[in-house]
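Here the structure comes first, spelled out in structure tokens, and everything after it is commentary.
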Amino acid sequence: MSCPTLLVLYGSQTGTAQDTAERIGRQAQRRRVEVRVEALDSYNVADLITESLVLFVCSTTGQGDPPDNMKNFWRFLFRKSLPAGSLCRLDCAVLGLGDSSYPKFNFVAKKLHKRLLQLGATELLPVGLADDQHDLGPDAVIDPWLIAFWDRALALYPLPAGVTMLSENELLPPRYVFNFLDDATEEPETLSCDGGIAPQAPPSRDHPFLARMVSNQRVTLPSHFQDVRLIEFDIEGSGMKLVTERQTDWSSRQKYRQMGR
């Protein structure tokens, strides 16, 4: 008997839902559950019919709109041509992150939950509706909801005999590995993901630019419980440029005006 598998899909506009999804991924690792954590638009939605256990984490933006990184998934899932029982093999749960000061509080999570059930999916527990306005913050809903989720999920998909959870004292495998170059005398070269020297190509996920860290400052007081840092990297020679949202909007506006001439 193999360990159960969990797919965590998130739709996040500012990173909060992504952080929550990655937190769930760490909880899964500690419970010896094989887990994947992906943005909704990075996932091939056509594969959803083959999944058995999926947890969706999504926020709501604007006036009830889905986040940018789940809009393609959203459009596909709400196609009228999808068969009613297409997700009959799927056990799922939906956790929404919202703010009750807005009229369409957690609208995306509620609508997604309803659509999944329409397509034949089985809910493990009612949709979770975390609220930024709660006196204790969104964790007042997230924490007990996740406890209920794990109880339900592991009852349906138990661990193999002899496999136990990691204790809180045991460290999880590192997600990132840092190599310090204190003794380096030459300019850093662009590395490929497999560790080799990449050809001169624009920096990308497959060909990251090896940048030197020039400062690492804590910006919160030493007495504060969160260690928030401002870290600066030297990206000279990378060809990378910062493009703000305002610049992108201005560029799009200019193109639109030129097309209209």
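The values are calculated or read from the model by the stated rules, or taken from the named source; none is laboratory data. Keep in mind the model is a prediction, meaning the values are calculated, not measured. Reconstructed Cβ throughout: ideal geometry from the backbone, glycine too, with neighbour counts over all protein chains shown. Just the protein is used for accessible areas: all its heavy atoms, side chains included, with ligands, DNA and RNA removed. Shrake-Rupley method; radii C 1.70, N 1.55, O 1.52, S 1.80 Å.
What the table below lists for this structure:
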{"quantity": "Residue 45 versus residue 68: modelled label distance in nm, points set 7 Å from Cα along the beta carbon direction", "calculated": "1.9 nm"}
{"quantity": "Ordering of 43-50, 62-69 by burial proxy (mean other Cβ atoms within 10 Å per residue, highest first)", "calculated": "62-69, 43-50"}
{"quantity": "Net charge dipole size for region 1-131 [Lys, Arg +1 and Asp, Glu -1 on Cβ; Debye, nearest 20]", "calculated": "280 debye"}
{"quantity": "Computed label-point distance, nm, for sites residue 238 and residue 152 using a 7 Å Cα→Cβ extension", "calculated": "4.2 nm"}
{"quantity": "Formal net charge of residues neighbouring residue 124 (Cβ-Cβ distance under 10 Å; K, R +1; D, E -1)", "calculated": "-2"}
{"quantity": "Gap separating the Cα centres of region 48-81 and region 103-173, nearest whole Å", "calculated": "16 Å"}
{"quantity": "Region 11-79 - Rg over Rh from alpha carbon coordinates, Kirkwood radius", "calculated": "0.98"}
{"quantity": "Fraction of accessible area attributable to carbon and sulfur, region 1-149 (%, probe 1.4 Å)", "calculated": "49 percent"}
{"quantity": "Convex hull of Cα atoms in region 1-127, direction-averaged projection (nm²)", "calculated": "7.8 nm²"}
